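Below is one structure, written out as structure tokens, with a few remarks after it.
The values are calculated or read from the model by the stated rules, or taken from the named source; none is laboratory data. Keep in mind the model is a prediction, meaning the values are calculated, not measured. Heads up, the Cβs are rebuilt from the backbone with ideal geometry, glycines too, and the neighbour counts pull from every protein chain shown. When the accessible area is computed, the model is the full protein with side chains, heavy atoms only, and any ligands, DNA or RNA have been set aside. Shrake-Rupley method; radii C 1.70, N 1.55, O 1.52, S 1.80 Å.
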Amino acid sequence: MSDSDVKEPEATTEDGDAKGDARDNESPAPKGDAPGEGAKADAAKADAAKDSAKSDAPPKSGPYRPTPGKPLIEMSNVTKTFHKGKEPLTVLDGLTLTIAEGAFEALMGPSGSGKSTLLNLIAGLDRPTSGTARVAGHNLEKMSDGELAKFRAQNIGFIFQAYNLLPVLTAVENVELPLLLTKVPSGERRKRAETALRVVGLSDRMGHYPRQLSGGQEQRVAIARAIVNDPTILVCDEPTGDLDRKSADDILALLTKLNQDFKKTILMVTHDPSAAERATTTRHLNKGRLD
Amino acid sequence: MVPVKYNIRSLVVRKTTTAAAGLGLALVVFVFASVMMLGNGIRKTMGRAASPNVAVILRKGSDAELSSGISNESLNLVKAAAGQVSASGKGEVVGEVVVVILLDKIGTDGMSNVTVRGVPDGALGFRSTAKVIAGRAPKPGAADEVMVGNGIRGRFKGLEIGESFELKKNRSVKVVGVFSDDGSSNESEVWGDLNAVQSAFGRDGYVSSARVKLDSPGKIDALKAQIESDRQLGLIVMRESVFFEKQSEMTATFMTALGVLIAVFFSLGAMIGAMITMHAQVASRQREIGTLRALGFSKLSILTSFLLESLFLALVGGAIGAGASLAMSFVKITLLNASSWSEIVFTFDPTPAIIVRSMILAGVMGVIGGFLPALRAARVSPVEAMRA
């Protein structure tokens, strides 16, 4: 990653400003310069936003409206049980957890301790067997598959260990994918995807296919894809697991920047203690419970 | 909506399996379109000679000229009836005799039936679409001269201009010309002098059929009423188009049924091929599908995406098959016509409707073959994206 690209003042300022605009309920039409800004604003119905601010009840779906001082993720007495054959397997056992907005938290623990399961529940990929999972103002345990898909599209940015880029799409086309779920017009989509790639320092690799990129570059494309829609939370599953030390450090630096400059709340599952050091808080999970 | 380029490129990347499934689909569409084109060619060839204001008269109980016989006396009564019906007082009537002879085929061993039509003078004038395209018409009353239809020229020995063949033992005739008739079944016949054919085949005093040309198509019903009401005559009257329809009915229906049958069985195979290909696509793209689901794409959009992929594969295969089938329009095929027991040359006759039907068949195969794999894709859990 090129530091000069990441620190490019114009891109940083634009995105920061845009994010501020999009999240400001009082703000009028979006300016449309930064990734995700329009999507947020498009979905923001003024009435719903006002209701959300007055009462605690969030809209059924839609982007999160931050309320300072409130926790962003609240897991209460969450249990997750899988059935493999006839034997039930309890992976999360009455877990309770609160994460504040703007946090950068690492989740560690031995294999099978339930880290990925917890991450899946927070990201709305799965529902708890019992307990409540309230994320960005939504009660996920009550939502249907379709509502969860919408929730993920609007609130969660995913960063996977294996990058999970679609191999037949170019870098910029991969980054554009989340915007296809919004009403952003196609020309604007391409502009935002390019801006996101500039933010991660890949402005010169936009037309490259994943196979033409190094592991570190692929992961940066994946990060661009995760932030293009301006989500509230970045969910990272072993983001440096497949990378060499140098590339891993670059990715971690980028995540830190997204947390500090762009105020993204980041939840990262990792086995790597040096990755966990970058986080502001590290939690340890063991046999489905937090230590 | 998942971008369509994702599906198209995914198919392109897996070239071999895509090509195998696509070619399977192409083959089915090729066979389907070709047989439909042949069925259409048969109907057109047989019906092409039909004139709207011409009636064909046969002996009652016959539905082909070969099995019909009308005496000269009856023919005179038909002429009188035509005169009464026609406004001008005289309808144009020709009596023709139709027989079948065996001739040696060129290029293959063996013989085949050829229809010989004995026509009176002025037969070319009666049929406005028939014209001599090489050589000349036989001289009026010349018993040893014939002309051959363009369709069978060069397919049998002795049917070139200047050559001779035996109409019957010791009755040699010489080919003096070649005629065309708008590609109709007449072009598969030999036309000679009426009296010569009658006497050669012992049909003196009889013709096989009579054709009556009236002022307008509407008058045919009146002629029919008048002739058929005379029970002693024992004749039936039908429009020429109806007559030709009856001649081609059996062969055309057989070809169409055969085509549909082949297409059904072939398409089952091709659909299974498409299904296997799409299943393989889904199986090898579990993580990609999981990722799309994780990003927020709905089950329905995944289902639609994979159905479109299958549809695209089928339509490309279908277009190749339909395109290849168009080349069949350059091919001529000889079939034994069930009603005349003689060979008629048919062409594959493409129409826009056949191409559209073929593409619909391809689309249906794509959608049916792709449905289960697409359903399987839609059921992929977004958690799949997280599996390393």
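General remarks:
- Pairs exceeding 29 Å between alpha-carbon atoms, taken from A:Lys150/A:Lys246; A:Lys150/A:Lys287; A:Lys115/A:Lys246; B:Lys219/B:Lys246; B:Lys79/B:Lys174: A:Lys150/A:Lys246; A:Lys150/A:Lys287; B:Lys79/B:Lys174.
- Given charges at Cβ of Lys, Arg, Asp, Glu: region A:98-229 dipole, positive-most of A:Asn229, A:Leu148, A:Ser113: A:Asn229
- Part-to-part distance (alpha-carbon centres) for region B:168-195 and region A:174-247, which is given in Å: 79
- Here the dipole of region B:61-233 is about 180 debye; that uses its Cα centre as origin and unit charges on the Cβ of Lys and Arg (positive) and Asp and Glu (negative).
- Using the empirical formula 2.2 N^0.38 Å as the baseline, the Cα radius of gyration of chain B reaches a ratio of 1.38.
- Percent carbon-and-sulfur accessible area, chain B, ignoring ligands, DNA and RNA, probe 1.4 Å: 62
- Lys/Arg +1, Asp/Glu -1 at C-beta; region A:211-291 dipole; positive extreme among A:Gln219, A:Leu252, A:Gly288: A:Gly288
- Ordering of A:131-142, A:225-236, A:92-103 by packing [mean C-beta count within 10 Å, highest first]: A:225-236, A:131-142, A:92-103
- Averaged over the residues of peptide B:284-292, the number of Cβ atoms from other protein chains lying within 10 Å of each residue's Cβ is 4.
- Peptide-level mean, for A:277-284, of C-beta atoms on other protein chains within 10 Å: 0
- The overall shape of region B:165-249 is oblate: from the C-alpha gyration tensor, with semi-axes ordered a ≥ b ≥ c, the ratio a/c is 1.5 or greater and a/b is no larger than b/c.
- Within the full protein context, the accessible area of A:His284 is estimated at about 90 Å² for a probe radius of 1.4 Å.
- An ellipsoid equivalent to region A:148-228, defined through the eigenvalues of its Cα gyration tensor, has semi-axes of 19, 15, 10 Å when rounded to whole angstrom and sorted largest first.
- Average beta carbon contacts from partner chains per residue of B:298-306, 10 Å cutoff: 2
- Over all pairs of different C-alpha atoms in region B:69-178, the reciprocal of the mean inverse distance, the Kirkwood hydrodynamic radius, equals 15.8 Å.
- Placing unit charges on the Cβ atoms only, positive for Lys and Arg and negative for Asp and Glu, gives region B:30-112 a dipole magnitude near 300 debye about its Cα centre.
- For region A:178-195, accessible area lost to neighbouring protein chains reaches 30 Å² or more, against the chain alone with a 1.4 Å probe, at A:Leu180, A:Leu181.
- Summary of packing: across the peptides A:185-194, B:301-310, B:51-60, B:105-114, the per-residue average of other C-beta atoms within 10 Å ranks them, highest first, as B:301-310, B:51-60, A:185-194, B:105-114.
- Region B:204-247 and region B:84-148 have Cα centres separated by 19 Å.
- Only one residue of B:Leu38, B:Pro138, B:Ala64 has its Cα farthest out toward the positive end of the dipole of region B:25-167, where Lys and Arg carry +1 and Asp and Glu -1 on Cβ, and that residue is B:Leu38.
- Cα pair distances in the protein assembly as shown, grouped into 20 Å bins until the bin that holds the longest one, percent each: 16, 31, 17, 15, 17, 4
- Charge dipole magnitude, Cβ of K and R +1, D and E -1 - the protein assembly as shown, Cα centre, debye nearest 20: 940
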